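Heads up: the structure comes next, in structure tokens.
The values are calculated or read from the model by the stated rules, or taken from the named source; none is laboratory data. Here the structure is a predicted model, which is why all the values come from computation and not from measurement. Here Cβ is always computed from backbone atoms with ideal geometry, including for glycine, and neighbour counts include all displayed protein chains. Remember, those area values only see protein heavy atoms, side chains included, never the ligands or the DNA or RNA. Shrake-Rupley method; radii C 1.70, N 1.55, O 1.52, S 1.80 Å.
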Amino acid sequence: MNLDSTRAEARMGFAQWCSLVALLAAATICWQLRELLIQLFAAVVLCVALSSLVSGIEQSLKIKRWQALFMALGLIILLVTLLVSQLVPPFIEQFKELLDQLPKAAAYLTGLGDNYFIRMGQKTNLNLGGGVKPILGFVGNIGAAALQSLFVLAVTVMLAAQPKSYYQVAVSLAPSFYRKKFALVLDRCGLALKSWMFGVLLSSICVGLLAFFGLSLLGVKLTIANGILAGLLNVIPNVGPTIGTIFPMAVAVLESPWKAAAVLALYIIIQNLESYVITPSVMHHQLRLLPGLTLAAQVGFTLIFGPLGLILALPMAVCFQVLIRDLLINDLLDGWKRPLGA
């Protein structure tokens, strides 16, 4: 009996070590493939939004899934085309006007740069070898970003075409005894993502309306375009609102410097309202997402995944909140009993 129990303990120890090695190997593989994983998660987020639209069209018109998908894609392409046609030409025209009316500012900045390089003891002559490499690197980054975007969009359409099939594949990856619970967790993640999208939509609409009315009171041109741009960029945490301030200030400075300062003050007020009033109220009501968790998610996911991690920080935090609550706390920690005699 002692020999049999020793062998059984040895087999259990070996199995535990194999499980630990497999877990470490899986973690290493996931770390190496983190760029692919974040792109797949972006596709899932877009698929949730697209599937909601497709399902609504499918149920309203009583048509097949693929027909509803084509109608949804056509509607999105039409809206994007109209938006670009309304926004891009005025932007280009205003920036051309800005460049035409500010030659002194450009010359002043050039003079500052020349003085800086002279003080540093460097030549200001054009270095062809040093100038081409950054340009080539920039073009390469744009090409890589375009390929990644095409990949994400392609996966999004594939997922939206057959969501149930991919859902069943994801559930089948879990152990057989845990598939029912894992399916429930996936459903809760999907509901949380939909709630997050609704919250972002409400927040973006509020920001866009505030920007529109504020710029209208200040008499700045292109109020509709700037309001739409502010609402769209509000999706990107922290960075988006900052970028959205650049163009209305550039338009306002064409008229007078004080108006540009007023636009900056207006956007600072809007950003503070969005950060401390609108978004916390909406997100807490929709998801009960803690502000500290939101900030930690933005910093952590940006360090791990880069710029795309910053954009997807909130939806990832939403999903991690569901996973931690349902898998870690409910299934593991709540069932952890104190050892006898402790």
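How many nm separate the modelled label positions at T28 and Q86, each set 7 Å beyond the Cα in the direction of the Cβ?
Distance between label points: 5.4 nm.
Accessible surface of E93 in the full protein assembly, 1.4 angstrom probe, to the nearest 10 Å²?
Its heavy atoms expose roughly 120 Å² to the probe.
Determine the order of V54, V88 by accessible area, beginning with the largest, at a probe radius of 1.4 Å. Can you show the working numbers first?
On the way: V54 0, V88 60 Å².
Putting V54, V88 in descending order of accessible area: V88, V54.
Could you give each residue of segment 319-331 its phi-based ³J(HN,Hα) in whole Hz, using Karplus coefficients 6.51, -1.76, 1.60 with θ = phi - 60°, and x for Gly or Pro?
Result, rounded to whole Hz: 5, 5, 4, 5, 5, 5, 5, 7, 8, 7, 6, 5, 8.
Rg (Å, one decimal) plus Dmax (Å, integer) for the alpha carbons of segment 202-254?
10.2, 32
Send over a whole-number figure in Å² for the accessible area per residue of segment 33-74, probe 1.4 Å.
56
In the full protein assembly as shown, how much of K181 is accessible to a 1.4 Å probe, in Å² to the nearest 10?
The accessible area comes out at roughly 50 Å².
Please calculate how many Å² of accessible area segment 199-274 carries per residue, with a 1.4 Å probe and no DNA, RNA or ligand atoms counted.
Per-residue value: 45 Å².
Within segment 146-274, how many Lys pairs that are eight or more residues apart, or on different chains, come under 21 Å at the alpha-carbon?
Lysine pairs meeting both conditions in segment 146-274 amount to 5.
Determine the share of segment 162-313's accessible area contributed by carbon and sulfur atoms, expressed in whole percent, with a 1.4 angstrom probe.
The C+S portion of the solvent-accessible surface of segment 162-313 is 75 percent.
Which trypsin sites (Lys or Arg not before Pro) in segment 50-91 sit in a loop by DSSP (not H, G, I, E or B) and have at most 12 other Cβ atoms within 10 Å of their own Cβ?
Working: sites: K62, K64, R65; in loops: K62, K64.
When the trypsin sites (Lys or Arg not before Pro) of segment 50-91 are filtered for loop state and at most 12 Cβ neighbours within 10 Å, K62, K64 remain.
What percent does the relative contact order of segment 221-264 come to when contacts are Cα pairs within less than 8 Å and at least six residues apart?
Contact order relative to length: 30 percent.
Whole-Hz ³J(HN,Hα) for each residue in segment 53-63, computed from phi via Karplus 6.51 cos²θ - 1.76 cosθ + 1.60 with θ = phi - 60°, x for glycine and proline: what do you get?
5, 5, 5, x, 5, 4, 6, 6, 9, 6, 10
How large is the accessible surface of R179 in square angstrom, using a 1.4 angstrom probe and rounding to the nearest 10?
Surface accessible to solvent at R179 totals approximately 100 Å².
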